[in-house]
Structure formats: C-alpha cells, structure tokens
Amino acid sequence: MEIEAVIDQLNEAGVSVWLDSEEKLRIDKDAPSELKELVREHKQALIEIKAAVWLMNAAGIRIIRLPLGHLALAYRLGSDLEPIRRAMKVLGKEAMPLVINDEGLRSMTWDEWKLRRPVSRIAVSPPERQSHPEQKPLFGRKTA
C-alpha cells in the first residue's frame, strides 16, 4: 500500500498522527486498532513525511505562483538548501522549481506578523476643561 493511501485513510477516519518532542510517532489513543496497525507497518515513512513537513514549515517554504502560472517552492534568503531538497524529495516535490522568495523579503510566520502589528490605542476622550475664574473662555460668550 502506498503511503498516500495510508494518509488518506487516516484523514478520512479523523485520526491524528504526529511527532512528539523526541521525534517519536504518536497516534490518537482512541484510533481503531486496524489503523494503529497500519501506522505501525508504515512507521518509518510516516516519520520521514512528518519530519519533512516540519522542516519545510520551519524554513518558511511557501508555494507560490510564478508569472507564467506554474507553481514553485519559495525559500527565504539564507536558508540551508540541502535539508530543504531532501524534504522535497521525501514529499515528492523534487520536480517543482525551488526559487528565492522575492516578495520584498517580507514573508513571515503568523506569530511574527501578530507581534509586528501596531497596538491599537484605546479611544480616550480628553479631560474636561475646568474653567477657572481668572481664565477667559477661548471663544464665544463670556460665562458667569
């Protein structure tokens, strides 16, 4: 069975598979036993795919549309390309062109974007002007 079919079965059943902090493959506890067995049979391929996806996300790889309409993988300037190329091969994307992300070097993660947003100011009305007997009004009639 191809790994794409295994991933499709997991997605259809709504079963999550992930790598923990020690890079061990984990599966939902309430997953059916036949799916757990399927994951055990394809454990190494699933680990490689999950690690490749993690690396691509961590490196900021984005799929972009080129001017002629084709898709390409865009990487940030200064990225280490060898691990990215290995991840592309694992994911079956080695045929896609790999280009520099030239969007003004403005690509950033969601968290970076949230941190760079300007903080909205709370609308506070100016303090009431207190009239003192020695002050003249700024305009209009003189009040008693």
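The values are calculated or read from the model by the stated rules, or taken from the named source; none is laboratory data. Nothing here was measured: the structure is a model prediction, and the numbers come from that model. So basically every Cβ, Gly included, is an ideal-geometry build from the backbone, and we count neighbours across all protein chains shown.
At a glance:
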| read-out | value |
| --- | --- |
| Single residue of I49, I100, I61 found to be surrounded by 15 or more Cβ atoms within 10 Å (Cβ to Cβ), more than 16 Å from E2 (Cα to Cα) and of a type outside the set (S, T, Y) | I61 |
| Unmet criterion (only one of (1) out of contact with any helix residue (DSSP H, G or I) (no Cβ under 8 Å at 6 or more places or on another chain); (2) surrounded by 10 or more Cβ atoms within 10 Å (Cβ to Cβ); (3) outside the structural domain of N101 (by TED's automatic domain parsing)) for L71 | (3) |
| The range 15-72, residues that are at positive phi and of a type in the set (G, A, S) | G60, G69 |
| Where R65 falls short, out of the listed (1) within 30 Å of V99 (Cβ to Cβ); (2) not polar (S, T, N, Q); (3) not assigned by TED's automatic domain parsing to the domain that holds M96 | (3) |
| Test result for W54, at pLDDT 90 or above and either under 29 Å from R26 (Cβ atoms) or aromatic (F, W, Y) (or both) | yes |
| Count of the range 6-37 residues which are closer than 18 Å to I49 by Cα, touching a Pro at 6+ places or on another chain (Cβ under 9 Å) and part of a helix (DSSP H, G or I) | 0 |
